[in-house]
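Chemist: My structure is below; once you've seen it, I'll send some questions.
Nothing in this text is a laboratory measurement; each read-out follows from the coordinates by a stated rule. Values in this document were obtained by computation on a predicted structure and should not be read as measured data. Here the Cβ positions follow ideal geometry from the backbone for every residue, glycine too, while neighbour counts run over all protein chains shown.
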Amino acid sequence: MTKLPSVPLANTDRLYIDGKWVQPHSTAQIEVVDSATELVYYSVPDADVDDIDLAITAARHAFDEGPWPRLTHAERAQVLLDIAEAVEKRIGDIVEIWPRETGILASSVAGVMHEVTSAYRYYAGLAKSFPFQEEATPTNGAPFGMIVREPVGVVGAIIPWNSPMALIAYKIAPALLAGCTVVIKSSPEAPGAGYVMAEIADQLGIPAGVINVVTADRAASERLVSDTRVDKISFTGSTEAGQRIGSILGRRIARSSLELGGKSPAIVLDDYDITEAARTIASAECFLSGQICASLTRIIVPEHRHDEMVKALADEFSRVTIGDPYDPQVTLGPLASERQQDRVENYIRIGKEEGATLAYGGGRPTHLDRGWYVEPTVFGNVDESSRIAQEEIFGPVLAVIAARDLDDAVRIANATQFGLNSSVFTHDSTKAFEIARSLHSGTVGQNGNRADFGIGFGGFKRSGIGREGGVAGLQAYLENKTVVLEAPPA
């Protein structure tokens, strides 16, 4: 029988609250299952509303009465630098945990982790360059005015399972620099990243209550959203869950950042080689088994190039090696969970029923009888209004859609409830920019998936509210205060 290695975490029987490892109020457990073997890897407490309440109390006290918001930005920046260094030392542990939780290839982890450590260092650098205070000319005749940017308060950071270390970084790094305190709510499917961050907070002696880490399912998590002591929720996940969170926050006028779903288009122009475009798109779709909100899954091509594109994508996927995410020869790992596998397989069935042409994939790899694997899949002749063209699948499934001309391609690209990411494949950057201005999308890249948290990432329409990453990611954790004085302060 296959035996999994021990999980490189020290306190998986507890929650991290108020600077301590505490016994959970709940006796329920969440089993984390290895996506490649279907074996239980480890278990963590399933926090209940009393555990969430304790974490909120700790974060509220730390913000209202603790030292963290009263440190200088430079002092908080030094802690972010310390976190970056501590995260670097845990990369080996992340390689051990993350592929088992979600199916990401072990060979891909180091690249993502470089982005994670860079995020902490980037926000530390903003301590020197961002204008937390600046003069403003009063319009009411007063002699002196200024804008002071202050921390929003207690933040609930709700983390998804697909890229938890990166999304924790892009939520807590700007929040901590701003002076906020945080409750991290980890995903039941992938709580390991939250535990790593809790251990780092404990190791570094970050003041009690500044970082709290719990894992809970939806019912208990809603307490974090509804509690009036939480000033802001930063959520990454499905549009449906974001809609529920937004409705709760709207009732109490709480702040939010919502990074939600996508159904992102790639428009391929006549000047771009089909084989080259297919290689780029197919390779990107294999990353994390297509479980990426920004994936380019609607491939829009001129009618006369449709069949060529479908064949090129099928050819690229035929060369994909599916299997153990720790095997260096493998280029596509499993999906994160049985539920996710069921979801993807159901959409493949829907695609067939809707009349799309299944050009490649569509099933479970015949050589794998365990693990949540799905073949990379290409559909051609996809109706732009069909479900596989309109709904987020969150797996390695591509839909090729024919357009009459460029105007029609732009119309098809925009004809969706989502607006997260998009791409234009052309060698003409001026043309790409012109098309970009017509696309209703938070990011438009040339010749590939160019989603960039370093500049800022987020969506239009039902893909979310606000931005993560970049300067905008810091502004999301600050409130502007107008101060009007009789004279400049000393």
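Chemist: With a ≥ b ≥ c the root eigenvalues of the C-alpha gyration tensor of the chain, is it rounded (a/c under 1.5), prolate (a/b larger than b/c) or oblate?
Modeler: Working: a/c = 2.07, a/b = 1.32, b/c = 1.57.
Here the chain falls in the oblate category.
Chemist: Here's another thing I want to ask about it. Return the FRET efficiency for the residue pair Ile350, Phe460: r is the Cβ-Cβ distance, R0 is 22 Å, and the value is rounded to the nearest 0.05.
Modeler: In this case the efficiency is close to 0.30.
Chemist: Going highest first, how would you order 379-390, 4-15, 147-158, 412-423 by mean Cβ packing within 10 Å? Kindly include the intermediate steps, with their values, before the conclusion.
Modeler: Working: 379-390: 19.3, 4-15: 15.2, 147-158: 22.1, 412-423: 23.8.
Result, highest mean first: 412-423, 147-158, 379-390, 4-15.
Chemist: Please name which of Ile300, Ile267, Ala157 has its Cα lying farthest along the dipole of the stretch 148-300 towards the positive end, using unit charges on Cβ (Lys, Arg +1; Asp, Glu -1) and the Cα centre as origin.
Modeler: Ala157
Chemist: So, one more: State to the nearest 20 debye the size of the charge dipole of the stretch 293-405 about its Cα centre, where the only charges are +1 on K and R beta carbons and -1 on D and E beta carbons. Spell out each step's value before the answer.
Modeler: Working: 12 positive and 19 negative charges, 19 e Å.
That gives the stretch 293-405 a dipole magnitude of about 80 debye.
Chemist: Let me ask something additional. Only Lys, Arg, Asp and Glu count, each charged at its Cβ (+1, +1, -1, -1), so figure out the dipole size of the stretch 382-453 about its Cα centre, rounded to 20 debye. List each step's numbers first, then the result.
Modeler: On the way: 6 positive and 10 negative charges, 23 e Å.
Taking the Cα centre of the stretch 382-453 as origin, the dipole is about 120 debye.
Chemist: Is the shape of the stretch 264-452 rounded, prolate or oblate, going by the alpha carbon gyration tensor and its root eigenvalues a ≥ b ≥ c, with a/c under 1.5 for rounded and a/b larger than b/c for prolate? Write down the numbers at each step before the final one.
Modeler: Numbers: a/c = 1.73, a/b = 1.58, b/c = 1.10.
Cα axes put the stretch 264-452 in the prolate bin.
Chemist: Report the label-to-label distance for Asn480 and His73 in nanometres (one decimal), using points 7 Å from each Cα along the Cα→Cβ vector.
Modeler: Placing both labels 7 Å beyond Cα along the Cβ direction yields 1.6 nm.
Chemist: Quickly work out the Leu81-to-Asp327 label distance, labels modelled 7 Å from Cα along the C-beta direction, and quote it in nm with one decimal.
Modeler: Output for this residue pair reads 4.5 nm.
Chemist: Compute, for the chain, the length of the dipole vector about the Cα centre, with Cβ point charges of +1 (Lys, Arg) and -1 (Asp, Glu) only. Units Debye, rounded to 20.
Modeler: Working: 44 positive and 64 negative charges, 177 e Å.
About 840 debye.
Chemist: So for the chain, taking the charge dipole from beta-carbon charges (+1 Lys/Arg, -1 Asp/Glu), which of Ala106, Ala166, Ala402 sits furthest toward the positive end?
Modeler: Checking the options against the dipole of the chain, the answer is Ala166.
Chemist: Also: Considering the dipole of the stretch 10-111 built from charges on the beta carbon (Lys and Arg +1, Asp and Glu -1) around the Cα centre, which of Thr37, Leu71, Tyr16 is farthest to its positive end?
Modeler: Toward the positive end, the furthest listed residue is Leu71.
Chemist: In a shell of Cβ-Cβ distance under 13 Å around Ala359, excluding Ala359 itself, what net charge do Lys and Arg (+1) and Asp and Glu (-1) give? List each step's numbers first, then the result.
Modeler: Working: positive: Lys311, Lys352; negative: Asp307, Glu308, Asp315, Glu316, Glu375.
In short, -3.
Chemist: Beyond 15 Å, how much of the Cα-Cα pair distribution for the stretch 348-415 remains, as a whole percent? Write out the running numbers ahead of the final one.
Modeler: On the way: 1244 of 2278 pairs.
Percent of Cα pairs beyond 15 Å in the stretch 348-415: 55.
Chemist: Still on this model: Compute the distance in nm between two label points, each set 7 Å from the Cα along the Cα-to-Cβ direction, one at Val40 and one at Ala28.
Modeler: In this crude label model, Val40 to Ala28 measures out at 1.6 nm.
Chemist: Within the chain, how many lysine pairs that are 8 or more places apart, or on different chains, have C-alpha atoms less than 24 Å apart?
Modeler: Within the chain, the lysine pair count is 21.
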